[in-house]
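Just below is one structure, and these are the notes that go with it.
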Amino acid sequence: MFALRVEFLTGRCVAKETHQRAEWPPHPARLFSTLVSALYVRVPDGEEPDIAELRALEWLQEQGPPEIAFSSSVMRRTVVTHYVPINDVGLPDKTAEKLEADLRTASDGKAKMKANQKTDPIAAAQKALRDAGSKALRFLPERQSGRKPRTFPTIRPDNPAVHYLWPNAEGRDHRDGFVGVISRVAYLGHSSSLVSIGIVEHCNVVERWTPHQRGEKLRSFAKQQLQALQQVFPVNERAEQSYRLPFEAISYGPKMDEASTVKLAFSPDWIVFRKLKGPELPIKATLDLTRAFRRLVLNGPRAATLSNPAKQLLSGHAGDGSPLQEDHVAWIALPFVGRRYARGSGLLKGLAVVLPSLLNEAKHAGLADEILATLEVGSSLEIAGIGKWKIERVRAGEHNATLDPETWTRPAMRWATVTPLMLDRHPGHLFGRAAKTEAQVKAREKARLEAEESVSAACIRLGLPAPMEISLSRYSSIVGAPPSHTFRAPPQRSGKPRRYYVHATLIFAEPAPGPLLLGAGRYFGFGLCKPVEETR
């Protein structure tokens, strides 16, 4: 194994992904560009760099994208816009000494002026001297009126060390070359983001992002990255700050264990969006929100280019318009629940796209990339009859508890519904007035057994064992979740009875992994379950 350990000496990383968001983890292309900069930092123009260092970087680019081990628990500082003096004010064409020499020459030559000469050489030289002085004074910060806005997105990880690993590579032959290059690297990202880089033989960090996994696109480097950087260097020098560096976009994500994930219907790796602005929505608006976001994605320009299998998984409909029988994409709303007396309890804080687990398989990587590309939508979400939300995608390390998939997917023995579960069949009267006659008692018991069987079948359909115990009620055991009868019913199905809503608490014999999306409305956010904390 060959690995580079990058430690941020100040405990913070200042590097832009956008003007308003810090880049974390630092992308592999940024690291490679930094190493190339260090390679040439002491090389005079027209000369070649150290051959051992050059061979080391040529070898590194041949190894392909690295694995990345980094801390996903981070604190992102609020981005503040700073207005700084600009550094591209033009210098005077001539120095002060040259201009004063011109003035003396003009004084000596004034006596030789011709009678019809209108321009006074002394006045012209004095004006040039004054103009040069005014131009030079513009460098003073208090004289600069054209200050430009600058942002410095900063992130502070719990662990300031990032490892870039090539598990199948051995770099012993190039160790001396790497030592020379990394000894001259002072920062990664902004110049205030000081780092120390070292070569390590072992890395004990288990949690890693690996390339070519379904997840986020990171800027990595290709096998001709060094040559590409050499080609764009002259162009970037002329462009000053508006330069672009070559890269190859590679999908990164946690390594999926196919043996454990394909058993469940839905993947625990979600694509999450947070609400930035817009009207406050209660949990009961789940259907409005999920349908609005689904409509936004399906009407987007990228959806028109989808292949038929990808389009079916995204829409949930077969080619003839009938409902798709296999598991497909689910759209869920994420409410803030579970905390008694907390401000904002019961309000929707964002939404998530839950992909079917079959997209975790390597043979379906192309389908996953197609679907993920359609989720790069704009920030404006129009919710019919309610208003607009401004949303943004939540990146790695930016989750709060409500928007963290781990909150909804961690294994637990006890689960409870946050949004009511829609039973496949209407079981009859489960709740209401107490049964008085023997016939009413039998009817109530029959309805309860039929409803519990429907819930057990929903769990088995997800790939989970049947629950050991099922409790049904109009009310959820999760604080902040409204009663089931207060939710708006979906449109009436022609010729069929209305769906029956119910809250459920499930107890499994062993900890069951999530996500648990149960019942007929699971693809639109109904039947969303949350692990219940065990209390004594």
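Taking 23 Å as the limit for the C-alpha separation, the pairs K217/K284; K284/K530; K284/K349 exceed it in the case of K217/K284. Which percent of the accessible area of region 1-85 is formed by carbon and sulfur heavy atoms (probe 1.4 angstrom)? About 48 percent, which is the carbon plus sulfur part of the accessible surface. Here the Karplus curve 6.51 cos²θ - 1.76 cosθ + 1.60, taken at θ = phi - 60°, turns the phi angles of region 30-45 into couplings of 5, 4, 5, 4, 5, 5, 5, 4, 5, 4, 9, 5, 10, 8, x, 4 Hz, with x standing for Gly and Pro.
For E248, the residues 5 or more places off, or on other chains, whose built amide H falls under 5 Å of its own are S220, F221, A222. Rolling a 1.4 angstrom probe over the protein heavy atoms with all chains in place gives region 1-84 an accessible area of 47 Å² per residue.
Pair-distance distribution of region 247-332: all C-alpha pairs, bin width 10 Å, starting at 0; shares per bin in whole percent are 12, 35, 37, 16, 1. Karplus-derived 3J(HN,Hα) values for region 465-473, using 6.51 cos²θ - 1.76 cosθ + 1.60 with θ = phi - 60°, are x, 5, x, 6, 8, 10, 10, 10, 7 Hz; glycine and proline are entered as x. Accessible surface calculations at 1.4 Å, restricted to protein heavy atoms, place region 340-420 at 41 Å² per residue. Let me know the shape class of region 333-382, please: from the alpha-carbon gyration tensor, a ≥ b ≥ c as square roots of the eigenvalues, rounded when a/c is under 1.5, otherwise prolate if a/b is greater than b/c, or oblate. In terms of gyration-tensor shape, oblate.
At 7 Å along the Cα-to-beta-carbon direction for both S471 and Q224, put a label point, then send me their distance in nm to one decimal. The answer from the label model is 6.6 nm. Per-atom-type breakdown for region 249-364 gives carbon and sulfur 50% of the accessible area (1.4 Å probe, protein chains only). Seen from a random direction on average, the alpha-carbon convex hull of region 353-422 projects onto 7.5 square nanometres.
Diffusion coefficient (Stokes-Einstein, Kirkwood radius over C-alpha pairs, 4 °C, 1.567 mPa s) for region 15-91: 80 µm²/s, rounded to a whole number.
Available extension along the chain between K127 and I507 is 127.8 nm, counting 0.36 nm per residue and deducting the alpha carbon span. The translational diffusion coefficient of region 165-222, from Stokes-Einstein at 25 °C and 0.890 mPa s with a Kirkwood hydrodynamic radius over alpha carbon pairs, comes to 172 µm²/s.
Relative to the current alpha-carbon distance between R76 and E326, full extension at 0.36 nm per residue lengthens the span by 86.0 nm.
Shape index of region 403-531: Rg/Rh, with Rg the Cα radius of gyration and Rh the Kirkwood radius from the inverse mean 1/r over Cα pairs, equals 0.97.
As a fraction of the 1.4 Å probe accessible area of region 167-215, surface on carbon and sulfur atoms comes out at 47 percent.
The values are calculated or read from the model by the stated rules, or taken from the named source; none is laboratory data. The structure presented is a predicted model; accordingly, all values stated were derived computationally and were not measured. In this analysis, Cβ positions are derived from the backbone assuming ideal geometry, glycine residues included, and neighbour counts consider all displayed protein chains. To get the accessible areas, we keep the full protein, side chains included, count just its heavy atoms, and leave off ligands, DNA and RNA. Shrake-Rupley method; radii C 1.70, N 1.55, O 1.52, S 1.80 Å.
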